[in-house]
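One structure is given here, and the rest of the page talks about it.
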Amino acid sequence: SISLCTTHCAPPYIRSTSPPTPTAITMEGTKATNTSIIDSTLHTILPPPSVAQQWRSTTPSSLEGISPKLEFLHRLHGTSLLQDACTLLHLSPSTYATSTTIFHHFYHRVSLTKYDVWSTSLACLLLATKLEEEARSIRTIIITFTHIYRRRRLRINDDMDISYGYADCEVLASTFTDTEKENVLRSGNRAIIMAAGGKVYSIWKERLMKMEYVILSAFGFTLFWVSEVHSHKFLLYFCRVLETDAKDGRKNDDGVGDGSNGSGGSSGIAQKAWNYCNDSCSLDLCVRFDPEVIACAAILMASSHHNVNLPLLPRPWWEAFIGTNRGQDLSIVCNAILALSDETNMDIRRSKHTFIPSLMKRLSFNDPDSYLWSVSD
């Protein structure tokens, strides 16, 4: 774990999703009494725990009685679907980041008991491709998600010796060899999914179109800001100011490290930090911290990974980008991202390799015992 030894009192966020108290909070953190304020600012992150309730108890899902661990599992499951879909569709990291940002903000507005992560991920990806101008047809997105749905049920690329304690996918997956699983995927994609006017395709399309409207309504049909709050957008600027290329090794003609110091060139500090920013998309850090904080945390971890010492005197380097007294925020972000690499955590493995039934009070469109579940075998 990473712990930054700084003595401070964390300042309140300048931006928040809603006023934490009836009184106004100024940018200096002082309370203004007897003041009426019409706040037209676009809020993109939550207030800190010191201002509102503890963050683990403020999500709509937690108010429905869902434990933080179970909510964490389903959030990871949803973002892993988006990551798989973006990989299969050859979409940019920016589109992936946009889709996960919409995903996390949406589930800070509604509960997991109301909308399942599969429907939400479908719509988030469609909206992200529009925002990032990497258009993919509805049919292509549906085919991709149906392919992922079948792969998750068959637990392809997962260790079948591991039991997660849930029989939904394990019984089906254990009845096929790896070759038979691939044959099932090929035959299913040809015989079922390609029928654009068929019932299976219609169910997926109906869910996609409905959830797109639901998400747009939840955001007030205002999504232009999403692509502007990615930590990736700050990362490369920060690396340039810190001259990480020079610290990471000699640069070639393209300005990329050549790996002469054993760091692997393009997989040096900037690339490693970029990977950490990608990992952060699996978590709802984008709802809780400014993107500048996440970018600085990624650089901090990357420099530590490559044993590169960035300046700490006369003041830590990150203070030039995010101000003073942010050590605790950096520590929280770093430890949250590093925890994702723990392959011994069965919840993390399960969210990435298998299908997880929804938490909806009524049956979801692709849950066990649904029509899609029966025809996708």
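The values are calculated or read from the model by the stated rules, or taken from the named source; none is laboratory data. Being a predicted model, the structure only gives us computed values, none of them experimental. Please note: Cβ atoms are built from the backbone with ideal geometry, for glycine as well, and neighbour counts cover all protein chains shown. Please note that ligands, DNA and RNA were not included when accessible areas were found on the heavy atoms of the full protein model with its side chains. Shrake-Rupley method; radii C 1.70, N 1.55, O 1.52, S 1.80 Å.
Starting from 0.36 nm per residue, how many nanometres of slack lie between Trp225 and Thr344 once their C-alpha separation is accounted for? Could the numbers behind the result be given before it?
Details: separation 119, 0.36 × 119 = 42.84 nm, distance 3.68 nm.
Full extension from Trp225 to Thr344 adds 39.2 nm.
Could you tell me the accessible area of Phe321 in Å² (1.4 Å probe, neighbours in place), rounded to the nearest ten?
Its accessible surface works out to 50 Å², give or take rounding.
Quick one: with all protein chains in place, what share of the accessible area of segment 283-369 is carbon or sulfur, to the nearest percent (1.4 Å probe)?
Carbon-and-sulfur percentage of accessible area, whole number: 51.
Can you give the extra length, in nm with one decimal, that the chain gains between Tyr371 and Ser137 once fully stretched, where that is 0.36 nm per residue apart less the Cα-Cα distance? Don't skip to the answer; put the middle values down first.
Numbers: separation 234, 0.36 × 234 = 84.24 nm, distance 2.44 nm.
Working it through step by step, the gained length comes to 81.8 nm.
Highest mean first, what order results for 113-126, 349-362 on Cβ atoms within 10 Å?
On the way: 113-126: 24.0, 349-362: 18.9.
Per-residue mean Cβ counts within 10 Å order the peptides as 113-126, 349-362.
In square angstrom, rounded to the nearest 10, how much accessible surface does Thr140 have for a 1.4 Å probe?
Spelled out: Thr140, probe radius 1.4 Å, area about 50 Å².
Using 1/(1 + (r/R0)^6) with R0 = 35 angstrom and r between the beta carbons of Lys210 and Thr87, what's the FRET efficiency to the nearest 0.05? Each step should come with its number before you reach the end.
Details: r = 26 Å, r/R0 = 0.73.
The value I calculate is 0.85.
Distance check, please: which entries in Lys114/Lys199; Lys130/Lys199; Lys210/Lys352; Lys114/Lys272 exceed 31 angstrom between their Cα atoms?
Cα-Cα > 31 Å for Lys114/Lys272; rest within.
Given labels modelled 7 Å from the Cα in the Cβ direction, how far is it in nm from Val241 to Arg362?
Modelled inter-label distance: 5.1 nm.
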